[in-house]
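The block underneath contains the structure these notes are about, expressed in structure tokens.
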Amino acid sequence: MGIRKFRPDRLFDGTQFAAPGAVLVCDDSGRVIDLIPEAEAGDDLEPLQGILLPGLVNCHCHLELSHMRGMIPEHTGMVPFLTAVMKNRFAGPDLIGEAMYEADNAMYQSGVVAVGDICNTANSVAVKEQSRIRYINFIEVSGFVPSGARDRYEQALGVMKAFAATGNAYMAPHAPYSVSPALFSLLGATALSTMHNQESAEENEFFSRGTGPFNDLFKTLGVDIGFFRAPGTSSLRAVMPYLPRAGKMILVHNTETSADDLFSWQQARPALRFCLCPRANQYINDSLPPVDLLQNSGHPLVLGTDSLASNHSLDLMAELFVLLDHFPELGLEQALHWATLAGAEALDLDKHLGSFEKSKQPGLVLLRGRSTERIL
């Protein structure tokens, strides 16, 4: 197998920018051999114009909703958006399959090497069996009515079995407003999980006062929630007692997460990652997460794209630059870390992906301006 030596304008190793003139040495498959100064690299250097970085990690996606691109108008708010997703998520298998293949290929070409993907059905199994991307499948469980908890759990187990050959799969609660305490209890402890969290102010209103549009959502669905009594807290604090105290939890969106929520989390909760999907937040609610607050929490941050129902593309680098445009104090180095090594660590894939460390095969991506292309 041959040896290749890449000499980019700049090199980001997954944690920081390397010294000027750094050369990445790898084999033809992209397995890292070394990272050395140009003076020690010898001949046969391959110059690259741009920033060379490890493959990107998308920590939150809904591949199975790819056929819904452009179906839902922007800025509808959370409840109308959820209603539209439930109305339009079912379509012909050919349409759904073709859209997923296109989305998977677009992510691969842009340099994505791993995805934390939300699965409500087994629709994406065939795509993932052929994909060049590493998928971590989160089998999403929902059901707000306690009496239906067992049936919902068994349905999710059936979906989970279908993904056995496509990579690691974990059960995951959808959101505080859609999972009953009984269903949380059935989910139990898991090494890795994820949950949509505080994506809108209406979610917190539902738990703090029992009012707002989420009541209309349940009425539209024909779900009687007469049993529900608002606990008088934020949605996250309301479900904290039901979350496992071990394992790793990725909370997604977090646009309405507060300092009080973060303080409450410190009480022996599982290891936490905050996943930001800023373009989806803009698409649905015309909002952005409190990045400064989350960054100062001491918990790692990672990036996701959400779905094509709530985004114009699954371009992870576009998410990164939205954050930098609105929060320039972050700096490119910090944001690239979230998109590479931090994401790989969140999905337990950092032994092989996320950084240019010896023997890893993280993928090679070139960033020019705001666009990325796969090198290996």
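Where a number appears in this text, it was derived from the coordinates with a stated rule and is not lab data. Please read these numbers as outputs of a predicted model, since none were measured by experiment. Cβ: placed from backbone, ideal geometry, glycine included. Neighbour counts: every protein chain shown.
Relative to the longest principal axis of the Cα atoms of the chain, the long axis of helix 316-326 makes an angle of roughly 80 degrees. Taking every alpha-carbon pair under 8 Å whose residues sit at least 6 apart, the stretch 56-353 reaches a relative contact order of 22 percent.
Extension gain for the segment residue 376 to residue 27, taken as residue separation times 0.36 nm less the Cα-Cα distance, is 124.6 nm to one decimal.
Relative contact order for the stretch 175-262: 46 percent, from Cα pairs under 8 Å spaced at least 6 residues apart, divided by residue count.
Each residue of the stretch 205-210 was assigned a 3J(HN,Hα) from its phi angle through the Karplus curve 6.51 cos²θ - 1.76 cosθ + 1.60 (θ = phi - 60°); the sequence is 4, 4, 7, 7, 10, x Hz, with glycine and proline shown as x. Counting only Cα atoms, I'd like the Rg/Rh figure for the chain, Kirkwood definition for Rh. Using Cα coordinates only, the ratio equals 0.98. Shown for the stretch 266-356 is the translational diffusion coefficient from the Stokes-Einstein equation, using the Kirkwood radius over Cα pairs, a temperature of 25 °C and a viscosity of 0.890 mPa s: 178 µm²/s. When the trypsin sites (Lys or Arg not before Pro) in the stretch 10-84 are filtered for DSSP coil states and for at most 15 other beta-carbon atoms within 10 Å of their beta-carbon, the remaining sites are 31. The distance from the alpha carbon centre of the stretch 281-350 to that of the stretch 214-230 is 32 Å, rounded to a whole number. What you get for the stretch 56-353, charging only the Cβ of Lys and Arg (+1) and of Asp and Glu (-1), is a dipole of about 900 debye around the Cα centre. So what is the diffusion coefficient of the stretch 122-167 in µm² per second by Stokes-Einstein at 10 °C and 1.306 mPa s, using a Kirkwood Rh over Cα pairs? The Stokes-Einstein estimate is 136 µm²/s. Ranked for footprinting exposure by Cβ neighbours inside 10 Å, fewest first, 140, 357 give 357, 140. Mean residue ellipticity at 222 nm, helices only, the chain: -9000 deg cm²/dmol; runs of at least 4 DSSP H residues each add -39,500 (n - 2.57), and the sum is divided by the number of residues.
For the stretch 194-267, the alpha-carbon radius of gyration amounts to 1.15 times the rule-of-thumb value 2.2 N^0.38 Å expected for a compact globular protein.
Using the structure shown, list the pairs from 5/161; 87/128; 128/351; 161/358; 248/360; 128/358 with a Cα-Cα distance above 31 Å, or answer none. From 5/161; 87/128; 128/351; 161/358; 248/360; 128/358, over 31 Å: 5/161; 161/358. Annotation: the residues 23, 127, sorted from fewest to most other C-beta atoms within 10 Å of their own C-beta, follow the order 23, 127. Based on C-alpha pairs under 8 angstrom that are at least 6 apart in sequence, the stretch 251-376 has a relative contact order of 18 percent.
Each listed q (0.12, 0.14 Å⁻¹) maps to a log10 I(q)/I(0) for the stretch 12-99, found by the Debye formula over equal Cα scatterers with no solvent: -0.64, -0.69. Applying the criteria of a DSSP loop state and at most 16 other Cβ atoms within 10 Å to the GluC sites (Glu not before Pro) of the stretch 1-104 yields 74. Under 18 Å Cα-Cα from residue 219, which aspartates and glutamates qualify once same-chain neighbours fewer than 8 residues away are excluded? Output for residue 219: 202, 203, 205. Of the residues 249, 86, the one with the fewest other Cβ atoms within 10 Å heads the list, and the complete ranking is 86, 249.
Rounded to the nearest 10 degrees, the angle from helix 78-88 to the longest Cα principal axis of the chain is 80 degrees.
The label-point distance for residue 288 and residue 34, in a model that sets each label 7 Å from Cα toward Cβ, rounds to 4.3 nm.
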